[in-house]
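Since every read-out is calculated from the coordinates, none of them should be taken as a lab result. Being a predicted model, the structure only gives us computed values, none of them experimental. Cβ: placed from backbone, ideal geometry, glycine included. Neighbour counts: every protein chain shown.
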Amino acid sequence: MEPVFNRVAMIGLGLIASSMFWGIRRAGLANEVTGYARSDETRDTARRIGLCDRVCDTMQEAVTNADLVVLAVPVGVMEQVMQDIAPYLAEGAIVTDVGSVKRHVISAVQPHLPSHAHFVPAHPLAGTEHSGPESGFAELFDHRWCLLVPLEDTPAKQVARVRALWEGLGSYVDEMDADHHDLVLAVTSHAPHLIAYTMVGVADDLRRVTDSEVIKYSAAGFRDFTRIAASDPTMWRDVFLTNKDATLEILGRFTEELFALQRAIRTGDGDMLHAYFTRTRAIRRGIIEAGQDTDAPNFGRERS
């Protein structure tokens, strides 16, 4: 495959950025990838494992002469990072991001974007509970969706280049309005993560169930809750603070549904419970049929 970009700069070297690098290398999508992380330890780790062609000690050095800059940092620091790199962006450079909130990121980044650069917000719907430079792998984005949220004044050619990058990384790509994106993700990701954190917290608070019992007798449902709740706390703190309205709307709907289920259990309404579970089971089948998970035993996950 012909390179889509000459030089790609990764700002932040966690799971997503490291997976992007290995995927770029696998498919030959760029001639060079530079990288920067705030932590000395992270930069040292990146150099040790060969993550990026060149790991830089400053953001400014990393973005110099890059035709694509990827902001792979927590949503809460996007604005400061954009302010810091703006004077060093090359003519015609494209800035993109991988944040799971889009309206806030656009509001944070766009005001500081130089007139000679372009911003194409993006969100790869892929990840694991692991973080850090050593957690990345080239196959992370294979057969997963990446959502682009182009700004109205961004030339179609620049959007097409970012699309080509993600398609080269193995993703399906779609475009979406920022507010709709944030509502969809509140349903499919943000609220489920908050519920998972809550359920694990409930188990921790319920002292009638000892810690050893929670760990020893974890059934599949609770085990998957703990997997989700192990995700990066800084990232998820920022997600909930910056996608507040959509998350609260979905949590309100969730509370209404939960009250209805509580009432059905209390009154012994088996018909309601059966109908409800039948409807939600069909959604699970739809996810499998769409190729976004597997019906293999244990959900195809390694047993632990």
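So, by mean Cβ neighbours within 10 angstrom, what's the order for 17-23, 62-68, 138-144 with the highest one leading?
The packing order, highest mean first, is 17-23, 62-68, 138-144.
Which of the peptides 241-247, 273-279, 111-117 is most tightly packed, and how do the rest follow, going by the mean number of other Cβ atoms within 10 Å of each residue?
Ranked by mean Cβ neighbours within 10 Å, highest first: 241-247, 111-117, 273-279.
Among rounded, prolate and oblate, which fits region 5-176 when a ≥ b ≥ c are the square roots of the eigenvalues of its C-alpha gyration tensor, a/c under 1.5 means rounded, and a/b larger than b/c means prolate?
Rounded shape, in that the Cα axes give a/c under 1.5.
When the helices in the chain are scored as -39500 (n - 2.57) per DSSP H run of 4 or longer and the sum is shared across all residues, what 222 nm value do you end up with, to the nearest 500 deg cm²/dmol?
-15000 deg cm²/dmol
If each residue of separation counts as 0.36 nm, what is the full-extension length gain between Thr64 and Met1 once their alpha-carbon separation is subtracted?
Taking 0.36 nm per residue and subtracting the Cα distance, the gain is 20.2 nm.
For Arg26 and Arg285 in one chain, what is 0.36 nm times their gap in residues minus the Cα-Cα distance, to one decimal in nm?
90.0 nm
Taking other Cβ within 10 Å of each residue's Cβ, how do Ile24, Ile106 sort, fewest first?
Least to most surrounded, the residues fall as Ile106, Ile24.
Would you be so kind as to identify which of Ser107, Gly12, Ala203 lies farthest towards the positive end of the dipole of the chain, taking Lys and Arg as +1 and Asp and Glu as -1 on Cβ and the Cα centre as origin?
Highest projection toward the positive end goes to Ala203.
How high is the FRET efficiency between Phe137 and Arg227 when r is their beta carbon distance and R₀ equals 25 Å, given to the nearest 0.05?
0.90
What net charge is computed for the residues neighbouring Phe5, neighbours being all others with C-beta under 12 Å from the C-beta of Phe5, Lys and Arg scored +1, Asp and Glu -1?
Neighbourhood net charge equals -1.
Relative to the longest principal axis of the chain, what angle (0 to 90°, nearest 10) does the C-alpha long axis of helix 40-49 take?
Approximately 80 degrees, to the nearest ten.
Calculate, in nm to one decimal, what Leu113 and His130 gain on full extension: separation in residues at 0.36 nm each, minus their alpha carbon distance.
My answer for the length gained is 3.0 nm.
At a Förster distance of 22 Å, what's the computed FRET efficiency of Gln80 paired with Asp40, Cβ-Cβ distance as r, to 0.05?
Efficiency at R0 = 22 Å is approximately 0.70.
If each of Arg253 and Glu91 carries a label point 7 Å out from its Cα toward its Cβ, how far apart are those two points in nm?
In this crude spin-label approximation the distance works out to 4.8 nm.
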